[in-house]
1. Can you tell me which of K6, K24, K66, K14 is exposed (fewer than 13 other Cβ atoms within 10 Å of the Cβ) and touching a residue at least 60 places away in the same chain (Cβ under 8 Å)?
2. Residue under question is I248, and the condition is that it be assigned to a helix (DSSP H, G or I), more than 16 Å from the ligand (Cβ to nearest atom) and at pLDDT 95 or above; does it hold?
3. Could you figure out which of (1) part of a helix (DSSP H, G or I); (2) within 16 Å of the ligand (Cβ to nearest atom) isn't true of K171?
4. Could you tell me whether any residue of segment 227-234 is β-branched (V, I, T) and outside any strand (DSSP E or B)?
5. Please report, ordered by residue number, the helices (runs of 4 or more DSSP H) entirely within segment 328-438 with at least 3 residues that are farther than 22 Å from V271 by Cβ.
6. Could you say whether any residue in segment 472-479 is among the acidic types (D, E), in contact with a strand residue (DSSP E or B) (Cβ under 9 Å, 6 or more places away or on another chain) and not in a loop (DSSP other than H, G, I, E, B)?
7. Please determine, by comparing only the residues of segment 27-52 that are touching a helix residue (DSSP H, G or I) at 6+ places or on another chain (Cβ under 7 Å) and of a type in the set (S, T, Y), which one is surrounded by the fewest Cβ atoms within 10 Å (Cβ to Cβ).
8. Looking only at residues that are surrounded by fewer than 17 Cβ atoms within 10 Å (Cβ to Cβ) and assigned to a helix (DSSP H, G or I) in segment 482-494, which one is nearest to the ligand (Cβ to nearest atom)?
Amino acid sequence: MSEEMKLPDPSTLKDEILAKYPPKIARKRAKSMVINDTKLDQEVQSNVRTIPGIITQRGCTYAGCKGVVLGPTRDIINLVHGPIGCSFYAWLTRRNQTDPGPEGPDGENFINYCFSTDMQDENIVFGGEKKLKQAIQEAYDIFKPKAIGVFSTCPVGLIGDDVHAVSREMKEKLGDCNVFGFSCEGYKGVSQSAGHHIANNQLFRHVVGNDDTKPEGKFNINLLGEYNIGGDGFEIDRIFKACGIDVICTFSGNSTMGAFEKSHTADLNLVMCHRSINYMAEMMETKFGIPWMKVNFIGGDSTAKALRKIGEYFEDEALQAKIEEVIAEELPKVEARAAEARKRTEGKMAMLFVGGSRAHHYQELFKELGMETVSAGYEFGHRDDYEGRKVLPTIKVDADSRNIEELKIEADPERFNPRASEIKLETLQEKGLEVSDYKGMKSDMSDNSLIVDDITHWETEKLIEFYKPDIFCAGIKEKYVVQKSGIPLKQLHSYDYGGPYAGFEGAVNFYTDIETMLSTTIWKKLKAPWLATSATDPCICAEYVA
Ligand code: CFM
């Protein structure tokens, strides 16, 4: 969409949507649907309880803790304390990839296993701690893992099994295995976002800082909030390697316990998905003195920008020169592919309703394709993900957020070492490097775009009717409903079967996939055969052949 072209005013659409709800629900939903005015500080209501019956796309707290944050770590046994269903539905459902590591294919990789205490009725009635101890022992005897994480599901919280006491006891008994628990019962928060926080707390408490071995490299960083979906992390690692930047630990794509343990030895934390991991960045800064910067490796330009930020932070000419060399080598190919794809994508409309950061980050790639994001929203983002970190002090702590533990962190008496002076950080901030800061989705979106938090199915249908977007980005739960209305859907959680989409090569993959999806005319031919008005009316017809 060209610069001068204004987005349509969606006020009547919003009114029409709200008119269908009972008044109390309408009042609540109105606050989560914001017609963007970039000149105004508008509040986007978010991280509040979903209205029952509206068909949310959110996941549960257990999903955010066990699946999202700990799921991609290959050498920890993630043992689910709960009924088997909680494991069955969480088994290998996220496309977080891992490589075999230096030990080769025989190295520890438990990602493809499914560990559960398989609680039965009698465990619910008489307690499940005994069964949990047995399961930890059995897992240890068979696999001898470095660590076992115990994840509580809803019934565990309801009956009061103490997973932390059991973990402590078993850790002591086993001696060489780090056993720790998570009170991440599904109902604990309003979404998976609570699970991220719980995972951050326990990783910080039980793992980060356990190994003080000094890194050998010169430019040592951690990448926080990158989960190696479809190989994104591999592509980012390739670029870091080319630039001579050493990654101590990624939280948590392709990660290991050993990397978490050493992560406090890095000199800079780069935060990609702040929603899931900003807690870790803050705790590491307070305890160890490691500053953090927001980055986005989604999009060719964003990738180049993120690399330059690292160069500026380390203030090293040789590193900066190397980074420029890598950008000069890689970016022109990306730009050439974008220019070619733009012939078919320019001026098209996209909508994105994903998670807690991708609905924002992927707008970059659409911009590079000359496309406009007319509407977007998170499933479980918080106000700062929409409005920027500046609103943090004004976010009300409600009963649900109070439910999640806030660790009290202090500077480590021996190991606190401020990696950069206050003055240096301020100077970097003034240059716009987003030190300890992020701006949120809202300021990057056009005026009149419609921001919708925790979108409902009814709202999705009405939005599609109104905008008739060329592409809709969401997940598997929405995919077929959207496609049945004649709009192609790109899954931005799993990437369908594609990816990587991060970094330079990822951007090229994305352009090509979107170009292909927008070039097919199949979606316009969805009318049922019996509704066709003539033989040439576009519809897919099928005949039974005996
Ligand atoms: Fe962060 Fe994620 Fe996301 Fe997320 Fe997720 Fe995911 Fe996501 Mo699905 S950690 S908030 S809880 S970027 S699993 S890798 S794609 S909803 S937008």
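The values are calculated or read from the model by the stated rules, or taken from the named source; none is laboratory data. Because the structure is predicted, anything quoted here is derived from the model rather than measured. Because the Cβ atoms are built from the backbone with ideal geometry, glycine has one as well, and the counts that use them run over all protein chains shown. Areas reflect the complete protein model, heavy atoms only, side chains present, ligands, DNA and RNA absent. Shrake-Rupley method; radii C 1.70, N 1.55, O 1.52, S 1.80 Å.
1. Working: K24 fails: touching a residue at least 60 places away in the same chain (Cβ under 8 Å); K66 fails: exposed (fewer than 13 other Cβ atoms within 10 Å of the Cβ); K14 fails: exposed (fewer than 13 other Cβ atoms within 10 Å of the Cβ).
When all the criteria are applied, what remains is K6.
2. Values: assigned to a helix (DSSP H, G or I): no; more than 16 Å from the ligand (Cβ to nearest atom): yes; at pLDDT 95 or above: yes.
Criteria not met by I248.
3. The one condition K171 does not meet is (2).
4. So in segment 227-234, the residues β-branched (V, I, T) come out as 229.
Those left that are additionally outside any strand (DSSP E or B): none.
Looking through segment 227-234, none of the residues is β-branched (V, I, T) and outside any strand (DSSP E or B).
5. Working: elements: 358-361, 363-368, 383-387, 399-402, 422-430.
Once the helices (runs of 4 or more DSSP H) in segment 328-438 are filtered for at least 3 residues that are farther than 22 Å from V271 by Cβ, what remains is 399-402.
6. As a first pass, look at segment 472-479 and keep what is among the acidic types (D, E): 478.
Pick out the ones that are also in contact with a strand residue (DSSP E or B) (Cβ under 9 Å, 6 or more places away or on another chain) and you get 478.
In the following step, the residues that additionally are not in a loop (DSSP other than H, G, I, E, B) were identified as 478.
There is at least one residue in segment 472-479 that is among the acidic types (D, E), in contact with a strand residue (DSSP E or B) (Cβ under 9 Å, 6 or more places away or on another chain) and not in a loop (DSSP other than H, G, I, E, B).
7. Going through the qualifying residues, I end up with T38.
8. Step by step, filter segment 482-494, then rank; the result is Q483.
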